[in-house]
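Heads up: the structure comes next, in structure tokens.
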Amino acid sequence: MAATAPEPDDVPSDGPWAQAWKRLRRNRMAMAGLVVVLAMALSAVLAPWIVPFDPREMERWTGALAPGTRHLELCNEMVVERGKAPRPQDVPTAVGKAAVDGAAHVWRIEVQDEVTTLLRVTVDGGKIQQIGEGGKRHTTLEIAEDEFIRVKDGGAVVRVPVLAVGGVLPAPAPQQAGRFVVMVERVKRPPEAKRTVEIALGTDGKVTTVTSAGVPVDGEMRVRAENVRDTSLDGARIEHSHPLGTDQEGRDVLARVLFGARISLLVGIVATFVSLSIGVFYGAIAGFAGGRTDVFMMRVVDVLYALPYIFLVIILLVAFGRSLVMLFIALGLVQWLTPARVVRGQILSLKRREFVDASVTLGATPWTILIRHLIPNTMGVVVVFTTLTIPAVILEESFLSFIGLTVLFRGEPIDSWGALVDYGRNALGGDGERWWLLVFPAAAMSLTLFSLNFLGDGLRDALDPRQKGRG
Amino acid sequence: MTGEPLLTVRGLEVHFPIERGVFFRHEIGRVRAVDGISFELRQGETLGLVGESGCGKSTTARAIIRLVQPTAGEVRFLGHDLATLDEETMRREVRRHLQMIFQDPYACLNPRMTVEQLVGEPLRNFGLSTFGLAGTGDLRDRVTELLQLVGLSPRHLDRYPHEFSGGQRQRIGIARALAANPQVVLCDEPVSALDVSIQAQVVNLLQDLQDQLGLTYLFIAHDLAVVRHISDRVAVMYLGRIVEVAPADEIYDLPLHPYTVALLSAIPIPDPAVQRSRHRIALQGEIPSPTKQYQGCRFADRCPVKIARCHTEDPPLVEHRPGHVAACWVTGPNGLAAGAMGGRAD
């Protein structure tokens, strides 16, 4: 038996990836990029828990609110009953939070009861045709200053000075084409109907006692949150806060940016994954097969390269429908070409390496060699390509959204960053008074694209084969 | 020690075409890397194969193991003709019995695989492990055993090739070659890329393994001292042909072919006094192009003892002494006449 060869120091084993990671960690810009990308991805995933708003929920009466605006939650209601938690717990927000913090509370709430009158409004083509109140018909209906209107069972109350035939129904109404009838409540809140309700909550978050104007209440009691003043919480009104403002439809911009990140990142990752998978396999097979197969396969790539790709994408989307799947196909069709070429080149040089010959003598089939030896050795390039293709795809999708080819998902346009930027540009206003609608989505997109590019550059340096030591 | 022929090479030729033309490729010449060689490997022996760079030593080994396709000739091994065998049968029935150790220990290991994966690869490919997955006990045990066989430690299982020295990597290469229990191992300059101090270790390891496992080696080298140490017989190649085959000691003591004589005189002797006084033969001229076609002896252009016949007739391998063949018109059983090579003192 031969003597044991001299040992290198017993350091923990460092694979090629661990070495690349070490090099990457020294690159500050790339690490900053990595942090930003991870933060963006995380907040996109956690968006529903970060912002309490549905990005599509419209509160049209508020109009576009500037960043930092707080406004009252207007229309939600809460049901309190002894022995049960207030329902629904998360609405209104502030009350809901107080209910679950595990401490006993007494909420002193000012409740305003309301008087409602029913209106029958006929709408045709989005315009009001008729307004009926009891047996009467109005052409214009003044709404007094202390009155609101509300679509029955439709949620929010709206302050409008007047309802008029030929005008638009301002409240969120059922989206219906053609002629239809909406029942609208005219809401009055007389000051004398104000009373104080005390709700005592136990540590389990359940209601122990309810009193209204000093009188205990048994059974269920409905409290409209818009009229609630929670005097136990520093007298703060129940508010919604919009740190990045709202758009003209009253949708929260922060929610829209974060949910837009979901869509943009998803499109970027899926389309990149699809195109890289195709590109790597195509290039690997061409490079490995060599000869005529290689020549033929690469000429196909050349021909596709020569097509003006953005026209190709537009034609595909217009011809086959603006679906998400079509978008992946269209973007994937364009993006696989470059990785295919690069991987082919890598495989061409790798297959001449001696370890491939060694594998042949050790009984490897051509397929084994391709899958186990050649393709894993191209992964460095593929990782770099991934980080550089994702921003490219995001940008392309945004461009398509920007020129109006917004992709539809379940019949609704997806609100990607590109769509938000397009919306922001249209809603900007003459003096840029609604700047936040353009600036925030554009900033989120630019920051992410920059970060991905820095990360990609850093990875390229970290995985550069020239830096790989031989000893 | 040596027995029946295990692997027989007959008239092996490997020609590489030189092609021109973008659309209509046509052959404008051929590199005759190996041009009709015959020899046999006997059970349990080590046949040294020597010659200068570019003479076709490595190509011979690569043609035998079918890393390059032979142009002509046959290679008989285990009842198959490896020169014409289909790749599928080759892989299933031949490869595990015929292995190769490569020259460059840096290039022949996939940098992305751990030692366990590298040494386990042949076991997996040949279906010699129960589960076939890295990390499973069965495979790991066998890999550990192989590592210990070549003098590496089980601690190295999860390391990558770049963490090893050249000698250690060559040991990994040897472990890989031995994993499938081969009968014949082709050693393609296994120590040429290593430091002199490591060379001896690896050569000794190869010898120990031969004794232990009953291996048969084709040992390719350009270092004649190493070859003499390890070989039972030595074959000398020149420009795609074998010019002389003899028992190892005899070829050093009584070389019959003028090329062998010149080759031996080029061995440096680590004694300045001897080195200064000995006669050395410096061959004139460059090594000729292997694209050239020869009528006579390939060595004639550079041969100091050539006669007219050498340029017109190709000398066959003739057995001048028992077990000692040489391809030369001039030589005889007692070698070349003293002084015929025209050596000079440096």
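Applying the criterion of being open to solvent by less than 30 Å² (accessible area, probe 1.4 Å) and part of a strand (DSSP E or B) to the residues of the stretch A:186-213, the residue that is modelled with the lowest pLDDT is A:LEU201. The conditions of being open to solvent by 80 Å² or more (accessible area, probe 1.4 Å) and assigned by TED's automatic domain parsing to the domain that holds A:VAL267 are met by A:VAL303. Scanning the stretch A:449-464 for residues that are modelled with pLDDT under 90 and open to solvent by less than 20 Å² (accessible area, probe 1.4 Å) yields A:GLY456, A:GLY458, A:ALA462.
Within the stretch B:156-165, the set of residues being in contact with an Asp or Glu (Cβ under 7 Å, 6 or more places away or on another chain) and more than 7 Å from every other protein chain (Cβ to nearest Cβ) comprises B:LEU157 only. Put simply, of A:VAL421, A:VAL381, A:VAL439 the only residue that is more than 20 Å from A:PHE311 (Cα to Cα), among the β-branched types (Val, Ile, Thr) and modelled with pLDDT of 90 or more is A:VAL439. Only one of the numbered conditions (1) over 30 Å from B:ARG76 (Cβ atoms); (2) open to solvent by less than 10 Å² (accessible area, probe 1.4 Å); (3) more than 10 Å from chain A (Cβ to nearest Cβ) is not met by B:ARG142, and that is (2). Close contacts from the stretch B:67-81, counting a first residue that is more than 18 Å from B:ASP35 (Cα to Cα) and of a type in the set (Phe, Trp, Tyr) and a second that is open to solvent by 70 Å² or more (accessible area, probe 1.4 Å) and assigned to a strand (DSSP E or B), with Cβ to Cβ under 6 Å and a gap of 6+ residues or different chains, come to none at all. Exactly one condition in (1) assigned to a helix (DSSP H, G or I); (2) open to solvent by 10 Å² or more (accessible area, probe 1.4 Å); (3) without any contact (Cβ under 8 Å) to a residue 24 or more places away in the chain is not met by B:GLY127; state its number. Only one criterion is unmet by B:GLY127, namely (1).
Residues in the stretch B:7-18: is at least one without any contact (Cβ under 8 Å) to a residue 24 or more places away in the chain, assigned to a strand (DSSP E or B), touching a Gly at 6+ places or on another chain (Cβ under 9 Å) and surrounded by fewer than 20 Cβ atoms within 10 Å (Cβ to Cβ)? Within the stretch B:7-18, one or more residues are without any contact (Cβ under 8 Å) to a residue 24 or more places away in the chain, assigned to a strand (DSSP E or B), touching a Gly at 6+ places or on another chain (Cβ under 9 Å) and surrounded by fewer than 20 Cβ atoms within 10 Å (Cβ to Cβ).
To keep it simple, each residue is scored yes or no on (1) under 30 Å from A:ILE347 (Cα atoms); (2) open to solvent by less than 50 Å² (accessible area, probe 1.4 Å); (3) free of Cβ contacts under 8 Å to residues at least 60 places away in the same chain.
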{"position": "A:ARG251", "(1), (2), (3)": "no, yes, no"}
{"position": "A:VAL257", "(1), (2), (3)": "no, yes, no"}
{"position": "A:ARG262", "(1), (2), (3)": "no, no, no"}
{"position": "A:LEU276", "(1), (2), (3)": "yes, yes, no"}
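Quick check: anything in the stretch B:141-161 within 25 Å of the chain's Cα centre (by Cα), among the aromatic types (Phe, Trp, Tyr) and not in a helix (DSSP H, G or I)? No.
Note on the stretch B:66-115: among residues that are open to solvent by 30 Å² or more (accessible area, probe 1.4 Å) and over 24 Å from B:ARG42 (Cα atoms), the one that is farthest from the chain's Cα centre (by Cα) is B:ARG112.
The values are calculated or read from the model by the stated rules, or taken from the named source; none is laboratory data. Being a predicted model, the structure only gives us computed values, none of them experimental. In this analysis, Cβ positions are derived from the backbone assuming ideal geometry, glycine residues included, and neighbour counts consider all displayed protein chains. What goes into the accessible areas is simple: the full protein's heavy atoms, side chains included, and nothing from ligands, DNA or RNA. Shrake-Rupley method; radii C 1.70, N 1.55, O 1.52, S 1.80 Å.
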